[in-house]
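What follows is a set of notes on a single structure, which appears directly below.
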Amino acid sequence: MNEQEFDEFYAASVGRLVGQLYAMTGDLAEAQDVVQEAFARAWERRRRLDRDNAPEAWVRTVASRLAVSRWRRVRTALLSARRQGPPAPVPPPEPHHVALVNALRQIPEAQRRAIVLHHLCDLSVEQVAAETGSPEGTVKARLSRGRAALARLLEDTELDPRSSRPAGAHHG
C-alpha cells in the first residue's frame, strides 16, 4: 500500500473500527486509543498490508490485542488517574449504542467478540472462525448463545426487536 492508498484505507475504516472496538471494550476513549495505535503500527508495515489481503482485520486484531494488554495494566493506572483528576469530556455516544454496549458487556467475552465481528464488522462465520482461531461450529454456537442472551438483556428497551418504538425514542 502506498501512502495515498493507506490514507484512503484509514478514512474508509477508522470510524467502523472505533465502533467495533467500542462494542468490544465498552470504553469509547479506549477504543479510539487502541485503534489509533493499531493504525500507527499498520502505517509502519503499510507496504506489506495489501499482500495480507485483509488490512482491516489486521488492524482490528492488533487493536483488540492492545485493548487486552491495556486492560491488564488498568488497575495500576486507576490509582494514578485518581490523583490526576477526571479526563477531558468526550461527547456521549447515542443512547441506543450505550444500551447495546451495556448488554454486550454482560455476555461472555467469546460470545461478545463473535457477535461484534459477525454483526458489527460484517464478517462471515468462516471469517470470524479464522480471526478468533475457533472452529466454525464453535462460532455458530457462540453467535446463537450470544444473540439469545442479548435478546433477554434488551427486552423492553428501544433495541427490543419486538418493540415498535423507533430507535432513539424515549419511553417513560
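Here are a few things to note about the model shown:
The rows are residues; the columns are (1) surrounded by fewer than 18 Cβ atoms within 10 Å (Cβ to Cβ); (2) in contact with a Cys (Cβ under 9 Å, 6 or more places away or on another chain); (3) farther than 30 Å from A103 by Cβ.
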residue: L17; (1), (2), (3): no, yes, no
residue: G26; (1), (2), (3): yes, no, no
residue: A29; (1), (2), (3): yes, no, no
residue: V35; (1), (2), (3): no, no, no
residue: A54; (1), (2), (3): yes, no, no
residue: W58; (1), (2), (3): no, no, no
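- For the residues S134, S144, the requirement of being modelled with pLDDT of 85 or more, of a type in the set (S, T, N, Q) and outside any helix (DSSP H, G or I) singles out S134.
- With respect to the conditions (1) closer than 20 Å to I115 by Cβ; (2) modelled with pLDDT of 90 or more; (3) of a type in the set (S, T, N, Q), Q32 lacks only one, and its number is (1).
- Of residues in the stretch 124-141 being free of Cβ contacts under 8 Å to residues at least 60 places away in the same chain and within 23 Å of D27 (Cβ to Cβ), the one surrounded by the most Cβ atoms within 10 Å (Cβ to Cβ): V128
- A count restricted to the stretch 93-113 and to residues that are under 20 Å from V14 (Cα atoms) and within 11 Å of the chain's Cα centre (by Cα) stands at 2.
- Flag for H118 being closer than 14 Å to L21 by Cα and modelled with pLDDT of 85 or more: yes
- Restricting attention to the stretch 1-28, the residues that are in a helix (DSSP H, G or I) and either within 17 Å of L104 (Cα to Cα) or among the basic types (K, R) (or both) add up to 11.
- Lone unmet requirement of (1) closer than 15 Å to R113 by Cα; (2) modelled with pLDDT of 90 or more for V14: (1)
- Of all residues in the stretch 35-86 being farther than 22 Å from G15 by Cα and among the charged types (D, E, K, R), the one that is modelled with the lowest pLDDT: R75
The values are calculated or read from the model by the stated rules, or taken from the named source; none is laboratory data. All figures in this text were calculated on a predicted structure; none of them were measured in a lab. A quick note on method: Cβ atoms are made from the backbone with ideal geometry, for glycine too, and the neighbour counts reach across all protein chains shown.
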